[in-house]
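Below you'll find the structure, written out as structure tokens, and then a few comments.
The values are calculated or read from the model by the stated rules, or taken from the named source; none is laboratory data. Since this is a predicted model, take the numbers as computed values, not measurements. Backbone-built Cβ (ideal geometry, glycine too); neighbour counts: all protein chains shown.
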Amino acid sequence: MMGGQPIFILKEGTKRESGRDAMKNNIEAAKGIAQAVRSSLGPRGMDKMLVDSLGDIVITNDGVTILKEMDVEHPAAKMMVEVSKTQDSYVGDGTTTAVIVAGALLQEAENLIAQNVHPTVIANGYRTAALHAKKILDDVSKKVKPDDKELLMKMAQTSLSSKSASGAKEKLAEISYELVKAVAEQNEGKYTVDFDNIQVVKKQGADIDATEMINGIIVDKEKVHPGMPGLVKDAKIALLNAALEIKKPEFDTNIRIDDPSMIQKFLSQEEDLLKEMVQKVKATGATVLITQKGIDDMAQHYLSKEGIYAVRRVKKSDIEKLAKATGASIAASMDEIGENDLGYAERVEQVKVGDDYMTFVTGCKNPKAVSVLVRGGTEHVVDEIDRSLTDSLHVVATALEDGAYTLGGGAAAAEIAYKMREYASKVGGRQQLAIERFANALEEIPRALAENAGLDPIDILIKMRQEHANGKKNMGVNVYTGQVEDMEKAGVIEPIRVGKQVIDSATEASVMILRIDDVIATKSSGGQGGAPPGMPPGGGMPPGMGGMGGME
């Protein structure tokens with residue numbers, strides 16, 4: 001106020017929430033998101049059914065899929081969704097774990113704030129703890145070699161055991177290993193895996209066990225003419241990014257015909273042009289033609305007469321995979337194709353899968369691209385198996401790239417928590433409190449695993465702390481037997497990158513939320529009298545966000 005005159009700094013209708021209230025609301029929203037996915041952690045976790053505005057259904061227990069499908073509006077809650085997306089894009093697994101740990105870190109921080117510990121002190125303590133936690137993880141990790149099939153398959157099985165596809169985890173784990181091994185490339189002693197070289201084709205109508213790896217490429221198209229051979233052995237493959245059709249002029253044209261015989265001449269000329277195109281294909285020695293564009297009906301007839309197997313309107317991504325697998329060059333026109341541009345495959349055949357016909361290109365000389373045909377009883381089952389297989393592929397690939405693994409079942413988390421408490425006493429000061437709380441947050445992983453398996457989490461945690469204090473680093477919770485057991489012997493292992501990224505993502509997100517003490521929302525952002533998206537005009541949590549009760 002200046003001389004009784006009010007000064008408006010912010011627009012009329014702007015909603016501002018600051019101090020403890022802003023912090024409390026943000027923490028509550030983030031905890032709500034963690035609570036939503038908590039019950040889906042581990043082999044005994046439950047699934048979620050997500051229904052969108054159009055009525056489409058997704059049934060999954062994949063953390064990132066749940067959070068992507070949920071229509072999250074609260075700004076702090078959106079940051080938690082980003083945690084799972086980061087985990088998914090960088091590692092491909094551990095998305096639920098990352099969100100649960102981030103929620104636990106915020107819960108522990110809330111308790112410290114209530115004891116008048118400043119958020120900046122907590123943030124610094126968490127960052128120090130995260131660095132030390134990754135060092136401990138390095139110390140407890142073990143090496144894995146690219147040819148150690150048994151270990152890599154155990155990692156894939158650990159990832160799959162918490163999914164709906166757990167019934168067929170042995171088969172899917174082997175498929176994951178073989179797929180990654182086929183496309184892994186070694187450069188200066190390090191392995192890299194490009195997932196663009198793995199094609200996933202989904203078809204419902206069969207059992208999960210019918211899922212198979214194809215050492216080649218599946219083209220989701222049938223041959224263009226029934227007269228063409230159904231199987232071509234020792235195929236020479238021409239890949240084309242051009243149409244076998246008469247080009248229509250780009251400008252308006254009129255053809256004036258005075259004599260009826262001219263019509264026949266006109267049609268014959270078109271026919272000759274198409275015949276010439278087919279002859280060019282035959283002259284190269286190609287026995288299979290796959291094009292990204294169309295093939296004229298007359299050209300189909302001539303190709304059929306020449307015994308050439310042809311497929312049209314194939315996706316660009318599939319053409320590129322075919323080029324890698326068969327060694328063919330993609331030609332932009334018929335005139336460009338030479339004998340050296342052709343690819344090779346032992347077999348090109350039309351196969352009926354379910355109700356549809358597909359083209360299988362198999363037995364390639366140097367398959368730099370491979371496929372997997374995912375089968376399942378219903379569309380929802382096939383989609384969930386696809387998500388599960390993608391996670392296990394990422395797990396095998398990251399283990400191959402990093403060459404190290406840690407133990408699952410909460411064993412690594414419990415060991416870090418034990419060592420972290422020892423470290424906290426050496427740090428001293430108020431940061432010590434934050435580091436101890438960080439250790440508590442990591443123990444949320446075995447706690448959630450035990451709860452979801454119907455076990456007593458307190459008993460499990462006490463037993464695990466006791467075992468780790470006695471130097472038994474491998475001890476974790478076996479959700480099937482309800483006992484604390486050696487996770488190495490149980491085969492519950494995961495790539496080191498999963499744990500490291502969980503620590504990084506969860507720490508960064510929780511620190512960012514903790515450092516916010518002011519939420520200023522302009523009128524246009526909320527449409528509810530200036531409330532920020534997802535916040536009701538009176539502040540506080542949006543409806544239904546409190547504990548995400550509707551999601552449990």
Considering only residues that are part of a strand (DSSP E or B), more than 21 Å from residue 301 (Cβ to Cβ) and either over 34 Å from the mean Cα position of the chain (by Cα) or of a type outside the set (D, E, K, R) (or both), which ones fall in region 211-234? 213, 214, 216, 217, 218, 219, 233, 234
Say we look at region 365-382 and pick out the residues that are outside any strand (DSSP E or B) and of a type in the set (A, V, I, L, M); which of these is farthest from residue 216 (Cα to Cα)? 381
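Mind telling me which of the residues 454, 476 ends up being assigned to a strand (DSSP E or B) and touching a residue at least 40 places away in the same chain (Cβ under 8 Å)?
Values: 454 fails: assigned to a strand (DSSP E or B).
Going through 454, 476 in turn, just one is assigned to a strand (DSSP E or B) and touching a residue at least 40 places away in the same chain (Cβ under 8 Å): 476.
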Scanning region 418-451 for residues that are on the phi < 0 side of the Ramachandran plot and outside any helix (DSSP H, G or I), the one modelled with the lowest pLDDT turns out to be 430
Restricted to region 275-298 and to residues being loosely packed, with under 13 Cβ neighbours inside 10 Å and within 44 Å of the chain's Cα centre (by Cα), the residue farthest from residue 349 (Cα to Cα) is 297
Applying the selection to region 138-166, what residues are assigned to a helix (DSSP H, G or I) and over 24 Å from the mean Cα position of the chain (by Cα)? 138, 139, 140
Please pick out the residue among 520, 516 that is assigned to a strand (DSSP E or B), closer than 15 Å to residue 22 by Cβ and either modelled with pLDDT of 75 or more or in the same structural domain as residue 83 (by TED's automatic domain parsing) (or both). 520
Of the candidates 35, 87, the one satisfying the condition of being at pLDDT 85 or above and under 16 Å from residue 507 (Cα atoms) is 87
Among the residues in region 65-73, are any among the hydrophobic types (A, V, I, L, M, F, W, C), crowded, with 18+ Cβ neighbours inside 10 Å and part of a helix (DSSP H, G or I)? yes
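From 401, 415, 467, which residue is assigned to a helix (DSSP H, G or I), surrounded by fewer than 24 Cβ atoms within 10 Å (Cβ to Cβ) and modelled with pLDDT of 90 or more? Working first, answer last.
Values: 401 fails: modelled with pLDDT of 90 or more; 415 fails: surrounded by fewer than 24 Cβ atoms within 10 Å (Cβ to Cβ).
Exactly one residue qualifies, and that residue is 467.
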Just to be sure I understand, how many residues within region 101-136 are within 16 Å of residue 439 (Cβ to Cβ), free of Cβ contacts under 8 Å to residues at least 24 places away in the same chain and either of a type in the set (D, E, K, R) or outside any helix (DSSP H, G or I) (or both)? 1
Residues that are within 27 Å of residue 295 (Cα to Cα) and surrounded by 18 or more Cβ atoms within 10 Å (Cβ to Cβ): does region 256-274 have at least one? yes
Of the candidates 98, 76, the one satisfying the condition of being in a helix (DSSP H, G or I) and under 15 Å from residue 37 (Cα atoms) is 98
Out of all the residues in region 24-46, which are in a loop (DSSP other than H, G, I, E, B) and either crowded, with 16+ Cβ neighbours inside 10 Å or not assigned by TED's automatic domain parsing to the domain that holds residue 481 (or both)? 39, 40, 41, 42, 43, 44, 45
